[in-house]
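So the structure is just underneath, and the comments pick up after that.
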Amino acid sequence: MTANKRDYGDLLVLMALAGFTLWYLLDAIRVSSAIQNLLLILPLSLVVLAIVALEMGMRLKKGTLLVREEREGEPLHRTLPVVGLFAAYVLSLETLGFDVATVLFIAAFLVLKGERHWPLLGGYSLAFGFGVAFFFAQMLPYPMHMLILPG
Amino acid sequence: MIDFVAVEQGLALLFTSFSPWMVVVPGIVIGLIFGATPGLQISMAMAIFLPMTLYMDFVQAMLFLTAIFTGGSFGSGIPAILMNIPGTSSAIATAFDGYPMARQGKHNQALGVALVSSVLGTLMGYVILFVMIQPLSLMVLKLGPAEMFAVILWGMTLIASLKGEQVLKGLMAGFVGLLIGTIGFNELGMARGTMGQTYLLDGVPVIPAMMGMFAASELFKLANKGFIVESKASRKVKLGEIFQGFKLAVRYPWVMIRGGLIGVFVGAVPGVGSSVSNLLSYVETQRRDEDPASFGKGNPKGVVASESANSTSEAGSMATLLALGIPGGGATAVMLAAFAMHNITGGPQFIRQQTDVVYAIIFANFAQVFLLLVIGLLFIPLLANIIKVPMRYLIPSVLVLAVMGSFGLTGNMTGPVTVLVFAVVGWIFRHYGYSVPAAVIGMLLGAMAEKSLLHSYQISGGDLAYVLERPVTLLILALLLVSLFGKRLLGLVRGRKTAAGA
């Protein structure tokens, strides 16, 4: 994957890290500018910002700031559907309940990844989804939101 | 150092009746199951089964709880090796080389290495505890917040610089992790970075964040693969290869001894414990190795270093609990509750007055490690079958376990949402070459680092000269500098000598 194509991802991550650090530092100062509150946060934030600046400076000097580097794994866009599906699962837990949401997530994942043995797909999704949801609901001391099974 | 009359009484406590032993096997099995299930913590297992100890006498209760602890310490390494999900934070470094070994089809050997390292590590830890319990308790008393902060800083810097070629990105990830670890209320009751959300007041839930960054992000990366191990022939579970792992582990006695010593001493520091010791041991082993580049790619020494350190940490944290009555972490905190349930207070007086009970607990743990070897061997073939499962089934199943487990840890949706957020962060970090372990360790240690620094500030009144009066702090800081620049300085000196000789 070594190519001289432009890639803004690395720069965006650096900017995001710097942005988060700056926001957190300002938020901490807003809460209190007492030494006790900033004892660790202030020097650490300054170090992070300095490292970000150093990294950007070094890459600018080398002319590699916007150049795509060789990376482990697949391109981000090929994994995006899986990430989206997982996000949908987590965000639907409160609506669909841990039982139904889990069954649907497993079934959708299997379909997405090419499983076409429908009895196996349905059987596994139902057995694992309901089984795990029931196990955790019994083991945990807090109520778990369920649509069908006892919570 | 050793009270032989108490030794005799301790042995009598254990062997006059069979009843103390009846709880050991169930305890190890419970620990193995909870440790090996991502999201279920050893401390959770101990807390769930704590009420049962009400019906036991004190020695039996301690045997039961330490058996869960021992089983869990090894159990947490199993998902770390097979799925890259450390069952607990004490098995983080196990995943560094254990999982690459599994991906190369050496999962049997990796599990064998982990089992033997755990067994010998626990044994070594309790032998050291037996000999050193009294001097160790005095030493722990001398460790103040300045030393704890120095230990954290040392560990953090070493971990961040693990990936030699991307030190700056490692440091950035680690330090941003430390900042995230300080989100929420500090010691003075000031809430930072919560964005007005009440669920962040106690900080970012670290274990769900760890599950997201380590497990979920790795699974995203593998989403388009067929199996963890692509070669069909390599997916078989072979007892012979597990035994090869045994031999492999014993081949590196110094790695094990170093891990054991780091485990005991770091484990004895309250609040630091096995979460840090496994990483320190790993980093030290990598640093001293002739081929440091082979670490992270399936070097068995990495598994030995981590597992021996996290197993001996159990003995270290038991030392602090018994000698000072201070729990080193979640598991020993539950044990402290068991102490209270039996009207016993840990501390120097407890060691002096009930030395026989202390020795009985230590001797029982000698026996537990052999039981762990047998039970672990029976369990490994069952658990190692995980790698035969196609990834399209394994990935959603493990993600579901992580989500449910995170809900179990927080009791509300904060856990699952944290897993999701940090899964995405970890996925991006991995893609762009930022150190995920450094970020996770930073998050784990952030609050502790801030607390230690604040306490040091309060004690010293802001006078930096205070550090100069703390020889242990200076020693740790010197070690930090040697770890970071020692090799480079040595290279410079050698280069100059060669140039002068030419």
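The values are calculated or read from the model by the stated rules, or taken from the named source; none is laboratory data. Nothing here was measured: the structure is a model prediction, and the numbers come from that model. All Cβ positions, glycine included, derive from the backbone under ideal geometry; neighbour counts span all protein chains shown.
Let's see how each residue does on (1) surrounded by fewer than 14 Cβ atoms within 10 Å (Cβ to Cβ); (2) under 18 Å from B:Leu399 (Cβ atoms); (3) among the aromatic types (Phe, Trp, Tyr); (4) in contact with a Gly (Cβ under 6 Å, 6 or more places away or on another chain):
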{"position": "A:Leu80", "(1), (2), (3), (4)": "yes, yes, no, no"}
{"position": "A:Val83", "(1), (2), (3), (4)": "no, yes, no, no"}
{"position": "A:Tyr89", "(1), (2), (3), (4)": "no, yes, yes, no"}
{"position": "A:Ala108", "(1), (2), (3), (4)": "no, yes, no, no"}
{"position": "A:Val111", "(1), (2), (3), (4)": "no, yes, no, no"}
{"position": "A:Leu147", "(1), (2), (3), (4)": "no, no, no, yes"}
{"position": "A:Pro150", "(1), (2), (3), (4)": "yes, no, no, no"}
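Within segment B:454-477, can you find the residues that are under 18 Å from B:Val151 (Cα atoms) and exposed (fewer than 12 other Cβ atoms within 10 Å of the Cβ)? Those that are under 18 Å from B:Val151 (Cα atoms) and exposed (fewer than 12 other Cβ atoms within 10 Å of the Cβ): B:Leu464, B:Leu468, B:Glu469, B:Pro471. The single condition among (1) buried (at least 23 other Cβ atoms within 10 Å of the Cβ); (2) within 12 Å of chain A (Cβ to nearest Cβ); (3) modelled with pLDDT under 90; (4) touching an Asp or Glu at 6+ places or on another chain (Cβ under 9 Å) that B:Leu158 does not satisfy is (2).
Among the residues in segment B:375-391, are any within 11 Å of chain A (Cβ to nearest Cβ), buried (at least 20 other Cβ atoms within 10 Å of the Cβ) and within 27 Å of A:Ala108 (Cβ to Cβ)? Scanning segment B:375-391, I find no residue that is within 11 Å of chain A (Cβ to nearest Cβ), buried (at least 20 other Cβ atoms within 10 Å of the Cβ) and within 27 Å of A:Ala108 (Cβ to Cβ), so the answer is no.
Output yes when any residue across segment B:354-366 is modelled with pLDDT under 90, over 30 Å from B:Ile242 (Cα atoms), away from every other protein chain (no Cβ under 11 Å) and out of contact with any helix residue (DSSP H, G or I) (no Cβ under 8 Å at 6 or more places or on another chain), and no when none is. Checked against the condition, which is being modelled with pLDDT under 90, over 30 Å from B:Ile242 (Cα atoms), away from every other protein chain (no Cβ under 11 Å) and out of contact with any helix residue (DSSP H, G or I) (no Cβ under 8 Å at 6 or more places or on another chain), segment B:354-366 yields at least one hit.
Taking each residue of segment A:111-136 that is within 7 Å of chain B (Cβ to nearest Cβ) and looking for partners that are part of a helix (DSSP H, G or I) and exposed (fewer than 15 other Cβ atoms within 10 Å of the Cβ) with beta-carbon atoms closer than 9 Å, six or more apart or interchain, yields nothing.
B:Lys451 falls short of the stated requirement of being more than 24 Å from the chain's Cα centre (by Cα), of a type in the set (Lys, Arg) and either within 11 Å of chain A (Cβ to nearest Cβ) or farther than 25 Å from B:Gln286 by Cβ (or both). Among the residues of segment B:411-434, is any touching a helix residue (DSSP H, G or I) at 6+ places or on another chain (Cβ under 9 Å) and modelled with pLDDT under 85? Scanning segment B:411-434 turns up no residue that is touching a helix residue (DSSP H, G or I) at 6+ places or on another chain (Cβ under 9 Å) and modelled with pLDDT under 85.
Condition check ((1) modelled with pLDDT under 90; (2) over 25 Å from the mean Cα position of the chain (by Cα); (3) within 14 Å of chain A (Cβ to nearest Cβ)) across all residues:
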position: B:Thr194; (1), (2), (3): no, yes, yes
position: B:Ser217; (1), (2), (3): yes, no, yes
position: B:Ser231; (1), (2), (3): yes, yes, no
position: B:Leu239; (1), (2), (3): yes, yes, no
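Could you tell me whether B:Ala500 is at pLDDT below 90, of a type outside the set (Lys, Arg) and exposed (fewer than 12 other Cβ atoms within 10 Å of the Cβ)? Yes: the conditions hold for B:Ala500.
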